[in-house]
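The block underneath contains the structure these notes are about, expressed in structure tokens.
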Amino acid sequence: MSPTHLLVMDVDSTLTSTEGIDLLADLAGRGPQVAAVTARAMAGELDFAASLHERVACLRGLPQAGLQEAAAMVRLTPGARELVAAAHAQGWAVAAVSGGFVQMVAPLAADLGLDFYRANTLEVSDAVLTGRVVGPVVDRAAKETALREWAGVLGVPLERTVAIGDGANDLDMMAAAGLSIAFGGKPAVVAAADHAIDGSLAKALPLLAAAASA
Ligand SMILES: [Mg+2]
């Protein structure tokens, strides 16, 4: 049976309580450098792509094995597994889109049985990270594109899509979705969203049920 609805979630600080780049930076011994770039990005001094490139450059030389190590340190947000299971049980497709890294999102997607996922790819050469990403950057616009593409593939109209996120990068996909939910959101995201929740993703369950019966 084809899905009736589509749920798309951001990953870092939405589907997971961890931030992938911070886990990798700690393993690489570059936590403070990455935090400094993040602070400049938050202050509006860098756009997302520039901050991504600068932060990934800090990871140069990290052994590839660190990717598995970091992936094992990812922690699901409370209620995440329950939300995905409930959405699937109701005949929804569930997807994750991330400005983080596919090497960390793919194991998560497999664990949760997600239908789609998309994220940036860290380049690996000679078993170490090169400090670069490969392919197009998954940024704010790409997150909206992913939601639209997946809805198109499934034949699910945009009115029957739900987007959940916490950051500025999530605003465009949230605007495109039929229903938008801020999760532990930054003030601008809370202001723009149809609903705002925090603490547990299970709080989205009644909102999804309402969307399904609308
Ligand atoms: Mg996030």
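A short reminder: the numbers here are calculations on the coordinates, not readings from a lab. Keep in mind that this is a model prediction, so the values were computed, not measured. Using ideal geometry, Cβ is built from the backbone for each residue, glycine included, and neighbour counts are taken over all protein chains shown.
How far apart, in nm, are two points set 7 Å out from the Cα along the Cα-to-Cβ line at A191 and at L158?
2.3
Given Cβ point charges of +1 (Lys, Arg) and -1 (Asp, Glu) and nothing else, what value in debye, to the nearest 20, does the dipole of the stretch 21-72 about its Cα centre take?
120
For the residue pair A89 and D26, what label-to-label distance in nm results when each label sits 7 Å from Cα along the Cα-to-beta-carbon direction?
Going by the 7 Å Cα→Cβ label model, 3.3 nm.
For the chain, what is the percent of antiparallel DSSP beta bridges, rounded to the nearest 5?
The answer is about 20 percent antiparallel.
Let's test the formula: R0 of 30 Å, r as the Cβ-Cβ distance of E149 and S125. What FRET efficiency results, to the nearest 0.05?
Between E149 and S125 the formula returns 0.55.
Which distance in nm do the two modelled labels at R75 and A106 give, with both placed 7 Å along the Cα-to-Cβ direction?
Placing both labels 7 Å beyond Cα along the Cβ direction yields 2.6 nm.
Could you tell me how many degrees, from 0 to 90 and to the nearest 10, lie between the Cα long axis of helix 80-89 and the main elongation axis, the longest principal axis, of the Cα atoms of the chain?
Value to nearest ten degrees: 40.
Nearest 10 degrees is fine. How inclined is helix 31-42 to the longest principal axis of the chain, computing both from alpha carbons?
Helix 31-42 sits at roughly 50 degrees to that axis.
Only Cα pairs under 8 Å and at least 6 apart count here; give the relative contact order of the stretch 21-72 as a rounded whole percent.
Reported as a whole number, the value is 48 percent.
Pulled fully out, how much extra length does the chain show between S17 and Q33, if you take 0.36 nm times their separation in residues and subtract their Cα-Cα distance?
Extra length from S17 to Q33 when fully extended: 3.6 nm.
Any idea what angle helix 48-57 forms with the longest principal axis of the chain, computed on alpha-carbon atoms, 0 to 90 degrees, nearest 10?
40
Roughly how many debye, to the nearest 20, is the charge dipole of the chain about its Cα centre, given +1 on each Lys and Arg Cβ, -1 on each Asp and Glu Cβ, and no other charges?
The dipole of the chain has a size of about 60 debye.
Could you work out how much longer the chain between V137 and S213 gets when fully extended? Use 0.36 nm per residue separation minus the Cα distance between them, nm to one decimal.
Full-extension gain reported as 23.8 nm.
May I ask you to derive the relative contact order of the chain, considering only C-alpha pairs under 8 Å and at least 6 residues apart, and to give it as an integer percent?
For the chain, the relative contact order is 24 percent.
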